[in-house]
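What follows is a set of notes on a single structure, which appears directly below.
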Amino acid sequence: MYPSLFDYAGATSWPQAVQLLQEGGEEAKVLAGGQSLVPMMALRLATPALLIDVNGAGDGEPRRESGRLVVPALTRHATLQRSVVVRDACPILAEAASWIGNIRVRHRGTIGGSVAHADPAGELPCSLVALEGAVRVLGPSGERIIAASNFFQTYFTTALEPGEVVTAVEVPVIASGRGWAFLELIRRVGDFALVEAAALIDLDDAGQCARVRLTVGAVGERPVDLSDEAGAVLQNGSIDEASAAEVGRRASAAVDPPDAVHGSGAYRREMVAVYVRRALLAAAARAGRGGAA
Ligand SMILES: Cc1cc2nc3c(=O)[nH]c(=O)nc-3n(C[C@H](O)[C@H](O)[C@H](O)COP(=O)(O)OP(=O)(O)OC[C@H]3O[C@@H](n4cnc5c(N)ncnc54)[C@H](O)[C@@H]3O)c2cc1C
């Protein structure tokens, strides 16, 4: 199928994109990498009267800013995957990006588009919640910084207000010694995930768990933050097969994934236990090695 007719405007800055969005009203939509929007337009699931192309609105080079990694909205998934700055400051984001779609999708798709699209199976929303990241937004009333945990609301729905654009995503730089892991279950390379697990672990001097962050994705309406559940089992204790499996069981009980084409809800629920256990053990092993990949 072909998209319905639409007008096109290119923005050369984020403020101009906001202005064009205001002028276009409800019928206007932002176009970034086009990897989600264009297929939806081809299927006529989206029929915008005006596309505002933001590819000229800013740069797409991640950078460090006082203890945080700032990833501009136009950063391509492939840049996230390969950037030395990202791999050094926040390797879990590079790992998560490497699971997205295929090489063609990763070369066009952007982090701004991924967070605005808010697919519950998206790798980046799941890792951003685990990382306690935030989304920088610009709109008619100025800039807002929204915690990732509040940004993703439900299926394909975010805290973005009409007329607002995502300009960047920011996450704390991963301290040396912090262990991390991002794992997912897919049927075939390039498929959307059936289950995702993102884990971050800090160990104390005795090798016990000082802090754990745990998020699962693709199994609900938005990323599910299970850090409290994980902490209740692991805090001040050792992370081993038994304790990681116990967190896995609790995680599995906390979610209720719907049936999907490639896996029933019951199967995916079982797999949450498996992937949570593996992610915790992998993150703990990295923490034990000083966070090295
Ligand atoms: C074959 C295929 C496989 C894929 N597999 C995966 C996968 O495994 N995991 C995954 O996470 N994704 C996957 N995707 C989607 C891909 O990651 C997209 O790149 C991403 O979802 C959207 O980014 P984009 O830049 O292409 O946004 P676009 O498609 O241009 O836009 C998507 C939506 O976000 C809005 N938007 C875009 N940028 C902004 C902005 N800066 N501010 C406000 N709104 C904005 C648009 O208006 C639109 O509503 C796949 C896509 C394809 C085609």
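All of the numbers you see were taken from the coordinates with simple rules; none came from a lab. From a predicted model like this one, the values you see are computed outputs, not experimental measurements. Reconstructed Cβ throughout: ideal geometry from the backbone, glycine too, with neighbour counts over all protein chains shown.
Numbers at a glance
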item: Candidates per trypsin sites (Lys or Arg not before Pro) in the stretch 1-99, loop by DSSP, up to 13 other Cβ within 10 Å; result: Arg44
item: Distance between modelled label sites at Thr47 and Arg289, nm, 7 Å Cα→Cβ extension; result: 5.4
item: Given charges at Cβ of Lys, Arg, Asp, Glu: the stretch 243-293 dipole, positive-most of Val272, Ser252, Gly288; result: Gly288
item: Residue of Ala282, Ala232, Ala198 that the Gaussian network model of the chain assigns the largest fluctuation, springs spanning Cα pairs under 10 Å; result: Ala232
item: Helical mean residue ellipticity (222 nm; -39500 (n - 2.57) per DSSP H run of 4+; nearest 500) of the chain; result: -10500 deg cm²/dmol
item: Inverse mean reciprocal Cα-Cα distance (Kirkwood Rh) of the stretch 64-172, Å; result: 13.7
item: Efficiency of FRET from Cβ geometry, Gln153 and Thr12, R₀ 25 Å, rounded to 0.05; result: 0.25
item: The stretch 7-52: C-alpha gyration tensor shape, a/c 1.5 cut-off, then a/b vs b/c; result: oblate
item: Spin-label zone in the stretch 227-258 - amide nitrogen under 19 Å from a point set 7 Å from the Cα of Glu270 along the C-beta vector; result: 245-258
item: 20 Å reach of a label modelled at Ser176, 7 Å along Cα-to-Cβ, counting backbone N of the stretch 185-224; result: 201-208, 210-211
item: Rounded to 5, percent antiparallel among DSSP beta bridges of the chain; result: 85
item: Efficiency of FRET from Cβ geometry, Arg249 and Met1, R₀ 51 Å, rounded to 0.05; result: 0.65
item: Mean separation of Cα contacts under 8 Å (6+ apart) over length of the stretch 179-288, as relative contact order %; result: 32
item: Derived scalar couplings ³J(HN,Hα) [the stretch 78-94; Karplus, 6.51 cos²θ - 1.76 cosθ + 1.60; whole Hz; x for Gly, Pro]; result: 5, 5, 4, 5, 9, 4, 5, 4, 5, 4, 7, 8, 7, x, 5, 5, 5
item: GNM result for the chain, Cα springs below 10 Å: residue of Arg187, Arg222, Arg277 fluctuating most strongly; result: Arg187
item: From phi via Karplus (6.51, -1.76, 1.60), per-residue ³J(HN,Hα) for the stretch 115-129 in Hz, x at Gly/Pro; result: 6, 5, 6, 6, 5, x, 8, x, 5, 6, x, 4, 6, 5, 5
item: Value of relative contact order over the stretch 35-193, rounded to a whole percent, pairs C-alpha under 8 Å and six or more apart; result: 23
item: The chain: radius of gyration over Cα atoms, expressed as a fraction of 2.2 N^0.38 Å; result: 1.01
